[in-house]
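The values are calculated or read from the model by the stated rules, or taken from the named source; none is laboratory data. All figures in this text were calculated on a predicted structure; none of them were measured in a lab. Side chains included, ligands, DNA and RNA excluded: accessible areas come from the protein's heavy atoms. Shrake-Rupley method; radii C 1.70, N 1.55, O 1.52, S 1.80 Å.
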Amino acid sequence: GHRLDARSDVFAFGVVLYEALAGHRPFAGALRPDVLHAILRLPAPPLPEDLPRPLRTIVEKALEKNPADRVQSMRELVVALRRVVRQSGEGPDARSRRARRGLAAAAALVVIAGAGGESLVRFRRSRTTISSSSAGRFSSA
């Protein structure tokens, strides 16, 4: 495999978003090795057609097997999702109940991703501050 990086987070978030929109996981199998094979080798089944095309495209892009073909960061993914949510009332794609639920799920996940990212940044900053202050205390002993 590949080294884990931000694109791994994009893939994982894509799995969560897919499940929220489709009502089932994108990769299935009877046993764990079957699921792993599906994750590594098989494309996710298409999302329902009544979901807005831009939303389906974002999820498909997040689930690309090759990390270089994925959305490159969570920030990029969140920006794209926000754009879809903002534009949702403008076209005929927003007409179905499933499309409205899908957009609501996407909006909720955007908020969660944003809050999670902010929490992670704060956590990392606090760890750096604690490490720096601890290092000074122990080095003077």
The correct ranking of Leu55, Leu36 by accessible area at 1.4 Å, largest first, is Leu36, Leu55
Sorted largest first, the C-alpha extents of segment 20-80 along its principal axes in whole angstrom are 36, 28, 14
Expected unfolding gain across Asp69-Ala38 under the 0.36 nm per residue rule, minus the alpha-carbon gap, is 9.4 nm
